[in-house]
1. For segment 227-249, state whether one or more residues are more than 30 Å from Ala158 (Cα to Cα) and polar (S, T, N, Q).
2. Look at Val65 and say whether it is in a loop (DSSP other than H, G, I, E, B), closer than 25 Å to Val278 by Cβ and not hydroxyl-bearing (Ser, Thr, Tyr).
3. Among the residues of segment 301-326, write down those that are more than 23 Å from Ser69 (Cα to Cα) and either assigned by TED's automatic domain parsing to the domain that holds Asp88 or part of a helix (DSSP H, G or I) (or both).
4. Specify the residue that is farthest from Val139 (Cα to Cα); the eligible residues are those in segment 114-128 that are in contact (Cβ under 8 Å) with a residue 40 or more places away in the chain and not in a loop (DSSP other than H, G, I, E, B).
5. Could you look through segment 108-120, keep only residues that are among the aromatic types (Phe, Trp, Tyr) and crowded, with 22+ Cβ neighbours inside 10 Å, and pick out the one that is nearest to Glu10 (Cα to Cα)?
6. In segment 39-92, what count of residues is obtained for those that are in contact with a helix residue (DSSP H, G or I) (Cβ under 7 Å, 6 or more places away or on another chain) and among the aromatic types (Phe, Trp, Tyr)?
7. Any residue in segment 169-182 that's closer than 17 Å to Ala211 by Cβ: show its pairings with residues that are among the acidic types (Asp, Glu) and buried (at least 18 other Cβ atoms within 10 Å of the Cβ) at Cβ separation under 9 Å, as long as the two are six or more apart or on different chains.
8. Say whether the condition of being of a type outside the set (Ser, Thr, Tyr), modelled with pLDDT of 95 or more, under 30 Å from Gln222 (Cβ atoms) and in the same structural domain as Gln221 (by TED's automatic domain parsing) is met by at least one residue in segment 291-300.
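The values are calculated or read from the model by the stated rules, or taken from the named source; none is laboratory data. Quick caveat: nothing in here was measured; it's all calculated off a predicted structure. Virtual Cβ from ideal backbone geometry, glycine too; neighbours counted across all protein chains shown.
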Amino acid sequence: MALGRLIDGEWASTWTERDESGQFKRMPTVFHQWVTADGASGFKAEPGRYHLYVSLGCPWAHRTVLLRSLKGLEGAIGLSIVDPVISDQGWRFSDRWGSLPDPLYGMAYLWQLYVKAQPHYSGRVTVPVLWDKHTETIVNNESRQIIQMFNSAFDAWATQPDCDFYPTSLRPQIDAVIDAIYQPINNGVYRSGFAASQTAYSAAVAELFAALDHWEGVLGQQRYLLGDRLTLADWCLFTTLFRFDLAYYGLFKTNLRRLVDYPNLWAYCRDLYQTPGVQSWCSEVHVKQLYYAGLPELNPSGIVPVGPALDYGAPHHRDRGDLRVGDRLAVGA
(Lines give C-alpha, C1' and ligand atoms only; values in the text may rest on other atoms or scores of the structure.)
Protein backbone atom coordinates (compact mmCIF):
# COMPACT_ATOMS: atom_id res chain seq x y z
CA MET A 1 0.00 0.00 0.00
CA ALA A 2 1.30 3.49 -0.85
CA LEU A 3 0.56 5.04 2.54
CA GLY A 4 3.42 4.95 5.03
CA ARG A 5 4.87 6.60 8.10
CA LEU A 6 8.07 7.75 9.74
CA ILE A 7 9.78 5.67 12.43
CA ASP A 8 12.46 7.58 14.34
CA GLY A 9 12.96 9.89 11.36
CA GLU A 10 13.19 7.07 8.78
CA TRP A 11 10.53 6.42 6.16
CA ALA A 12 8.75 3.06 6.32
CA SER A 13 6.23 2.01 3.68
CA THR A 14 4.03 0.22 6.21
CA TRP A 15 0.84 1.65 7.63
CA THR A 16 -2.23 0.59 9.44
CA GLU A 17 -4.95 2.40 11.33
CA ARG A 18 -7.19 -0.61 11.91
CA ASP A 19 -7.88 -2.48 15.11
CA GLU A 20 -8.27 -6.25 15.52
CA SER A 21 -11.97 -6.05 14.63
CA GLY A 22 -11.25 -4.41 11.27
CA GLN A 23 -12.40 -0.94 12.30
CA PHE A 24 -10.56 2.10 10.96
CA LYS A 25 -9.00 4.04 13.83
CA ARG A 26 -7.56 7.38 12.76
CA MET A 27 -4.28 8.26 14.44
CA PRO A 28 -4.27 11.72 16.06
CA THR A 29 -2.20 14.62 14.78
CA VAL A 30 0.72 15.71 16.96
CA PHE A 31 1.64 19.33 16.15
CA HIS A 32 -0.76 21.63 17.98
CA GLN A 33 0.97 24.99 18.46
CA TRP A 34 -1.05 28.14 17.76
CA VAL A 35 -0.39 31.31 15.80
CA THR A 36 -1.91 34.30 17.59
CA ALA A 37 -2.25 37.96 16.67
CA ASP A 38 -0.31 39.12 19.75
CA GLY A 39 2.33 36.41 19.63
CA ALA A 40 1.68 35.30 23.21
CA SER A 41 1.70 31.69 22.01
CA GLY A 42 5.28 32.03 20.76
CA PHE A 43 4.11 32.20 17.15
CA LYS A 44 3.08 35.72 16.17
CA ALA A 45 0.90 36.30 13.14
CA GLU A 46 3.03 38.11 10.57
CA PRO A 47 2.73 38.38 6.79
CA GLY A 48 5.15 36.14 4.89
CA ARG A 49 6.22 34.16 7.94
CA TYR A 50 4.04 31.08 7.50
CA HIS A 51 3.64 28.57 4.69
CA LEU A 52 0.75 26.14 4.17
CA TYR A 53 1.29 22.68 2.65
CA VAL A 54 -1.87 20.97 1.37
CA SER A 55 -3.35 18.39 -0.93
CA LEU A 56 -6.34 19.58 -2.94
CA GLY A 57 -7.61 16.02 -2.92
CA CYS A 58 -7.62 15.68 0.87
CA PRO A 59 -10.78 16.98 2.60
CA TRP A 60 -8.92 17.95 5.79
CA ALA A 61 -6.33 20.03 3.91
CA HIS A 62 -9.05 21.41 1.64
CA ARG A 63 -10.66 23.13 4.63
CA THR A 64 -7.52 25.15 5.28
CA VAL A 65 -6.93 26.30 1.72
CA LEU A 66 -10.58 27.39 1.55
CA LEU A 67 -10.25 29.52 4.69
CA ARG A 68 -7.03 31.02 3.32
CA SER A 69 -8.99 32.03 0.21
CA LEU A 70 -12.23 33.10 1.92
CA LYS A 71 -10.33 35.40 4.29
CA GLY A 72 -8.12 36.76 1.53
CA LEU A 73 -4.84 35.57 3.04
CA GLU A 74 -3.07 34.69 -0.19
CA GLY A 75 -0.68 37.61 0.22
CA ALA A 76 0.11 36.75 3.84
CA ILE A 77 0.47 32.95 3.83
CA GLY A 78 2.39 30.98 1.21
CA LEU A 79 1.06 27.79 -0.35
CA SER A 80 2.38 24.49 -1.68
CA ILE A 81 0.17 21.77 -3.19
CA VAL A 82 1.45 18.20 -3.23
CA ASP A 83 0.94 15.78 -6.09
CA PRO A 84 -2.53 14.23 -5.72
CA VAL A 85 -1.22 10.67 -6.15
CA ILE A 86 0.43 9.36 -2.99
CA SER A 87 3.79 7.77 -3.83
CA ASP A 88 5.63 4.92 -2.12
CA GLN A 89 7.21 7.63 0.03
CA GLY A 90 3.96 9.38 0.84
CA TRP A 91 3.01 12.87 -0.28
CA ARG A 92 5.42 14.16 -2.92
CA PHE A 93 6.00 17.44 -4.68
CA SER A 94 5.73 17.64 -8.46
CA ASP A 95 4.69 19.89 -11.30
CA ARG A 96 1.80 17.64 -12.37
CA TRP A 97 -1.91 18.43 -12.23
CA GLY A 98 -1.30 22.05 -11.26
CA SER A 99 0.56 21.15 -8.08
CA LEU A 100 2.83 23.72 -6.44
CA PRO A 101 6.31 22.50 -5.35
CA ASP A 102 8.10 23.37 -2.12
CA PRO A 103 9.62 26.86 -2.58
CA LEU A 104 11.41 26.91 0.77
CA TYR A 105 13.75 23.92 0.64
CA GLY A 106 13.04 22.23 -2.69
CA MET A 107 12.05 19.05 -0.92
CA ALA A 108 10.87 16.06 -2.92
CA TYR A 109 8.62 14.55 -0.23
CA LEU A 110 6.59 15.96 2.61
CA TRP A 111 8.14 13.54 5.11
CA GLN A 112 11.42 15.44 4.68
CA LEU A 113 9.72 18.54 6.08
CA TYR A 114 8.56 16.57 9.14
CA VAL A 115 12.11 15.36 9.73
CA LYS A 116 13.45 18.89 9.37
CA ALA A 117 11.05 19.98 12.09
CA GLN A 118 11.69 16.96 14.30
CA PRO A 119 14.64 14.73 13.25
CA HIS A 120 13.44 11.68 15.21
CA TYR A 121 9.75 12.05 14.45
CA SER A 122 7.65 8.88 14.46
CA GLY A 123 4.11 8.83 13.08
CA ARG A 124 1.97 9.65 10.07
CA VAL A 125 2.98 12.34 7.60
CA THR A 126 -0.24 14.19 6.90
CA VAL A 127 -1.58 17.35 5.31
CA PRO A 128 -2.29 20.13 6.05
CA VAL A 129 0.94 21.47 7.52
CA LEU A 130 1.35 25.03 8.75
CA TRP A 131 5.08 25.83 8.71
CA ASP A 132 6.91 28.67 10.43
CA LYS A 133 9.80 29.95 8.30
CA HIS A 134 11.38 31.85 11.21
CA THR A 135 11.83 28.91 13.55
CA GLU A 136 11.80 26.32 10.73
CA THR A 137 9.31 24.04 12.34
CA ILE A 138 5.78 22.73 11.99
CA VAL A 139 3.39 24.88 13.97
CA ASN A 140 0.29 22.78 13.45
CA ASN A 141 -0.98 19.87 11.35
CA GLU A 142 -4.53 19.71 12.68
CA SER A 143 -7.00 21.14 10.17
CA ARG A 144 -9.65 22.14 12.69
CA GLN A 145 -7.17 24.28 14.61
CA ILE A 146 -5.62 25.79 11.48
CA ILE A 147 -8.98 27.02 10.17
CA GLN A 148 -9.66 28.65 13.52
CA MET A 149 -6.33 30.49 13.28
CA PHE A 150 -6.98 31.56 9.71
CA ASN A 151 -10.41 32.86 10.71
CA SER A 152 -9.02 35.66 12.88
CA ALA A 153 -5.30 35.59 13.75
CA PHE A 154 -4.24 37.16 10.44
CA ASP A 155 -7.06 39.69 10.11
CA ALA A 156 -4.59 42.61 10.01
CA TRP A 157 -3.46 41.37 6.56
CA ALA A 158 -6.66 39.74 5.32
CA THR A 159 -8.48 41.30 2.39
CA GLN A 160 -11.74 39.98 3.88
CA PRO A 161 -11.25 40.60 7.62
CA ASP A 162 -14.99 41.06 8.25
CA CYS A 163 -15.75 37.48 7.17
CA ASP A 164 -16.04 35.81 10.55
CA PHE A 165 -16.90 32.11 10.38
CA TYR A 166 -16.21 31.52 14.07
CA PRO A 167 -17.94 34.33 15.98
CA THR A 168 -17.37 34.27 19.73
CA SER A 169 -21.07 34.11 20.57
CA LEU A 170 -21.59 30.98 18.45
CA ARG A 171 -18.41 29.07 19.22
CA PRO A 172 -19.96 26.52 21.58
CA GLN A 173 -22.65 25.71 19.00
CA ILE A 174 -20.16 25.61 16.13
CA ASP A 175 -17.85 23.29 18.05
CA ALA A 176 -20.79 21.04 18.95
CA VAL A 177 -21.86 20.72 15.29
CA ILE A 178 -18.30 20.03 14.12
CA ASP A 179 -18.07 17.32 16.78
CA ALA A 180 -21.43 15.91 15.69
CA ILE A 181 -20.50 15.57 12.01
CA TYR A 182 -16.90 14.40 12.51
CA GLN A 183 -17.24 10.75 13.48
CA PRO A 184 -20.27 9.66 11.41
CA ILE A 185 -19.63 11.78 8.28
CA ASN A 186 -16.14 13.33 7.95
CA ASN A 187 -14.44 10.27 9.39
CA GLY A 188 -17.35 7.97 8.62
CA VAL A 189 -16.55 7.76 4.92
CA TYR A 190 -13.05 6.57 5.85
CA ARG A 191 -14.41 4.17 8.46
CA SER A 192 -16.48 2.69 5.64
CA GLY A 193 -13.81 2.68 2.95
CA PHE A 194 -10.94 1.35 5.06
CA ALA A 195 -12.95 -1.17 7.08
CA ALA A 196 -11.41 -4.64 7.02
CA SER A 197 -14.48 -6.58 8.15
CA GLN A 198 -18.11 -6.71 7.12
CA THR A 199 -19.22 -5.83 10.63
CA ALA A 200 -17.02 -2.73 10.79
CA TYR A 201 -18.10 -1.62 7.31
CA SER A 202 -21.82 -2.15 7.92
CA ALA A 203 -21.74 -0.23 11.21
CA ALA A 204 -19.87 2.70 9.68
CA VAL A 205 -22.21 2.93 6.69
CA ALA A 206 -25.29 2.79 8.90
CA GLU A 207 -23.99 5.66 11.06
CA LEU A 208 -22.95 7.66 8.00
CA PHE A 209 -26.35 7.57 6.33
CA ALA A 210 -28.24 8.10 9.57
CA ALA A 211 -26.24 11.31 10.00
CA LEU A 212 -26.76 12.38 6.38
CA ASP A 213 -30.49 11.77 6.76
CA HIS A 214 -30.51 13.91 9.90
CA TRP A 215 -28.74 16.87 8.32
CA GLU A 216 -30.89 16.55 5.20
CA GLY A 217 -33.84 17.30 7.45
CA VAL A 218 -32.08 20.16 9.22
CA LEU A 219 -31.12 21.77 5.93
CA GLY A 220 -34.70 21.53 4.77
CA GLN A 221 -35.52 24.10 7.46
CA GLN A 222 -32.54 26.44 7.33
CA ARG A 223 -29.84 27.51 4.90
CA TYR A 224 -26.78 26.52 6.95
CA LEU A 225 -26.00 24.07 9.73
CA LEU A 226 -26.50 26.73 12.42
CA GLY A 227 -29.31 28.65 10.78
CA ASP A 228 -28.71 31.70 8.59
CA ARG A 229 -25.03 32.14 9.53
CA LEU A 230 -22.26 30.52 7.47
CA THR A 231 -19.68 29.10 9.89
CA LEU A 232 -16.63 26.85 10.13
CA ALA A 233 -19.00 23.93 10.68
CA ASP A 234 -20.33 24.35 7.14
CA TRP A 235 -16.86 24.33 5.63
CA CYS A 236 -16.02 21.19 7.61
CA LEU A 237 -19.05 19.41 6.14
CA PHE A 238 -18.64 20.86 2.64
CA THR A 239 -15.27 19.27 1.89
CA THR A 240 -16.69 15.80 2.59
CA LEU A 241 -19.84 16.42 0.58
CA PHE A 242 -17.84 17.74 -2.39
CA ARG A 243 -16.04 14.38 -2.58
CA PHE A 244 -19.00 12.15 -1.84
CA ASP A 245 -20.19 11.24 -5.33
CA LEU A 246 -16.76 11.82 -6.88
CA ALA A 247 -14.96 9.23 -4.76
CA TYR A 248 -16.62 7.91 -1.62
CA TYR A 249 -19.77 6.53 -3.26
CA GLY A 250 -17.70 4.34 -5.58
CA LEU A 251 -14.31 3.61 -4.03
CA PHE A 252 -15.38 3.62 -0.37
CA LYS A 253 -18.63 1.75 -1.05
CA THR A 254 -20.79 4.40 0.62
CA ASN A 255 -23.39 3.57 -1.99
CA LEU A 256 -26.67 3.40 -0.14
CA ARG A 257 -27.51 6.79 -1.65
CA ARG A 258 -25.64 9.41 -3.68
CA LEU A 259 -25.34 12.99 -2.52
CA VAL A 260 -27.49 14.05 -5.47
CA ASP A 261 -30.26 11.87 -4.03
CA TYR A 262 -30.48 14.31 -1.12
CA PRO A 263 -32.14 17.49 -2.44
CA ASN A 264 -31.21 19.66 0.52
CA LEU A 265 -27.64 18.42 1.03
CA TRP A 266 -26.92 18.57 -2.70
CA ALA A 267 -28.31 22.11 -3.05
CA TYR A 268 -26.42 23.12 0.11
CA CYS A 269 -23.19 21.72 -1.37
CA ARG A 270 -23.74 23.76 -4.54
CA ASP A 271 -24.52 26.83 -2.42
CA LEU A 272 -21.18 26.63 -0.63
CA TYR A 273 -19.29 25.74 -3.81
CA GLN A 274 -20.61 28.93 -5.44
CA THR A 275 -19.42 31.12 -2.55
CA PRO A 276 -16.81 33.57 -3.92
CA GLY A 277 -13.31 32.25 -3.37
CA VAL A 278 -14.26 28.57 -3.23
CA GLN A 279 -14.61 27.15 -6.74
CA SER A 280 -11.01 27.72 -7.85
CA TRP A 281 -9.81 25.51 -4.97
CA CYS A 282 -12.19 22.63 -5.70
CA SER A 283 -10.38 20.21 -7.99
CA GLU A 284 -12.28 17.18 -9.24
CA VAL A 285 -9.06 16.02 -10.92
CA HIS A 286 -7.05 16.06 -7.68
CA VAL A 287 -9.84 14.30 -5.80
CA LYS A 288 -10.21 11.45 -8.28
CA GLN A 289 -6.45 11.07 -8.76
CA LEU A 290 -5.90 10.91 -5.01
CA TYR A 291 -8.50 8.27 -4.29
CA TYR A 292 -8.58 6.14 -7.42
CA ALA A 293 -4.94 6.32 -8.52
CA GLY A 294 -3.36 6.78 -5.09
CA LEU A 295 -4.93 3.97 -3.06
CA PRO A 296 -3.89 0.71 -4.74
CA GLU A 297 -5.16 -1.35 -1.81
CA LEU A 298 -8.68 -0.26 -2.72
CA ASN A 299 -8.23 0.11 -6.49
CA PRO A 300 -5.36 -2.13 -7.68
CA SER A 301 -5.84 -1.28 -11.36
CA GLY A 302 -5.42 2.43 -10.73
CA ILE A 303 -8.14 3.17 -13.27
CA VAL A 304 -9.69 6.59 -12.66
CA PRO A 305 -13.38 6.73 -13.60
CA VAL A 306 -14.60 9.22 -16.17
CA GLY A 307 -17.69 10.18 -14.18
CA PRO A 308 -19.82 11.09 -12.47
CA ALA A 309 -20.98 14.21 -14.29
CA LEU A 310 -21.81 16.71 -11.55
CA ASP A 311 -22.89 20.31 -12.04
CA TYR A 312 -21.78 22.13 -8.90
CA GLY A 313 -22.60 25.40 -10.64
CA ALA A 314 -26.30 24.67 -11.12
CA PRO A 315 -28.65 27.13 -9.38
CA HIS A 316 -29.28 26.18 -5.77
CA HIS A 317 -31.97 28.77 -4.87
CA ARG A 318 -31.14 28.49 -1.17
CA ASP A 319 -30.34 32.19 -0.98
CA ARG A 320 -34.01 32.93 -1.63
CA GLY A 321 -35.29 30.53 1.02
CA ASP A 322 -36.21 27.79 -1.44
CA LEU A 323 -35.76 24.89 0.99
CA ARG A 324 -37.33 21.58 0.06
CA VAL A 325 -37.30 19.19 2.96
CA GLY A 326 -37.83 15.62 1.85
CA ASP A 327 -38.83 16.61 -1.71
CA ARG A 328 -37.15 13.85 -3.69
CA LEU A 329 -38.44 15.42 -6.90
CA ALA A 330 -35.98 18.25 -6.31
CA VAL A 331 -32.94 16.03 -6.91
CA GLY A 332 -30.53 17.84 -9.20
CA ALA A 333 -32.69 20.95 -9.37
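1. So in segment 227-249, the residues more than 30 Å from Ala158 (Cα to Cα) come out as 244-249.
Next, only the ones that are polar (S, T, N, Q) stay: none.
No - not one qualifying residue is present in segment 227-249.
2. Details: in a loop (DSSP other than H, G, I, E, B): no; closer than 25 Å to Val278 by Cβ: yes; not hydroxyl-bearing (Ser, Thr, Tyr): yes.
So Val65 fails the test.
3. Across segment 301-326, the qualifying residue is only Arg320.
4. Filtering segment 114-128 for residues that are in contact (Cβ under 8 Å) with a residue 40 or more places away in the chain and not in a loop (DSSP other than H, G, I, E, B), the one farthest from Val139 (Cα to Cα) comes out as Gly123.
5. My answer is Trp111.
6. 3
7. So the pair list comes out as Val177/Asp234.
8. The answer is no, given that none of the residues of segment 291-300 is of a type outside the set (Ser, Thr, Tyr), modelled with pLDDT of 95 or more, under 30 Å from Gln222 (Cβ atoms) and in the same structural domain as Gln221 (by TED's automatic domain parsing).
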